[in-house]
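Down below is the structure, laid out as structure tokens.
FYI, it's all coordinate maths here, none of it is from the lab. The model shown is predicted, which means the values in this text are computed figures rather than measured ones. We place every Cβ from the backbone using ideal geometry, glycine too, and count neighbours over all the protein chains shown.
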Amino acid sequence: MNSKYIGNYILRNVNGVCVAQSPILSQFNELVHYVTTRRILNNTKNELDELNMSVSNEDFPRYFDFFAKCVNISPNKCVFSHQTHSKNVKVVTREDIGEPYWNRKLKEVDGLITNDKELFLVTTYADCMPIIAYDPMKRVVGVAHSGWRGTLLEIGKELVLKMNEEFGCNPEELFVTVGPSIGPESFEVGPDVAAEFFMKFGKDVLRKIDGNEKIHVDLWKAVEITLKSVGVVHLEFSNIDTYKHTEYFYSYRREKTKKRFAVIVGIV
């Protein structure tokens, strides 16, 4: 398995599929986590050209089966959520696995939590922020899909509070990483959205870039404010701007694409 860095994350070739991983989470051997990229390595004419993890794509089972085989996980142990930019967070068990496996039984849920072993949580992205939280003491993992709407709704806080409420997780003992997502130099907004962020988080999340008249919102800073407000201290950012790194990650804002990359997390 070869590896190199992009931003703060480690890029690895796992049996021909290129994935990104968090250094802060990689220290826990019992935690499986992958951030997929669009790249498939060591390709042959019989394999896929790139890895599109959009669940709504009609070829999704083919893509996911290929990925699952490369990383040696069972697709039939995966839970997929129906994301709607809400702040809804749900504790999931094996009962939430769909039939067929990619059926999204969980409607309007943007955050998933589990302490079940060998159960994998799958969320998908194209500029929105993946927030992964792990409690190594309680062996509980959670993941949230935080776009700009979810960031205003503070879904990161909801994830941490739900882990505390359901499993007694101490926020100070959580290890949290924020994965590849649109960065502060790329997220240009109109005055209405800028005003909402200013009212919620203050002026520190607003930026002017190189004399540009447009306002940019620093979603990473907004999530940092949210997570620290509930006591998170072990916090890492990938510092990977998906808008700038479309060679690895899909960006809806730059490409207007329906394709997605995925985060897969689970405890073994």
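An oblate overall shape is assigned to region 3-267, the ratio a/c of its alpha-carbon gyration tensor axes (a ≥ b ≥ c) being 1.5 or greater and a/b not exceeding b/c.
Within the chain, the longest run free of exposed loop sites, counting GluC sites (Glu not before Pro) that sit outside DSSP helix and strand states (H, G, I, E, B) and have at most 16 other Cβ atoms within 10 Å, spans 119-184.
Whole-Hz Karplus values for region 171-178 come out as x, 5, 9, 7, 10, 10, 10, 10 Hz, taken residue by residue from phi with 6.51 cos²θ - 1.76 cosθ + 1.60 and θ = phi - 60°; glycine and proline positions read x. Counting only DSSP H runs of at least 4 residues, each contributing -39500 (n - 2.57), and dividing by the residue count of the chain, the helix-based mean residue ellipticity at 222 nm comes to -6000 deg cm²/dmol. As a proxy for reagent exposure, THR246, THR37 were ordered by neighbouring Cβ count within 10 angstrom, fewest first; the result is THR246, THR37. Exposure here means at most 13 other Cβ atoms within 10 Å; with trypsin sites (Lys or Arg not before Pro) in a DSSP loop as sites, the longest stretch of the chain lacking them is 108-213.
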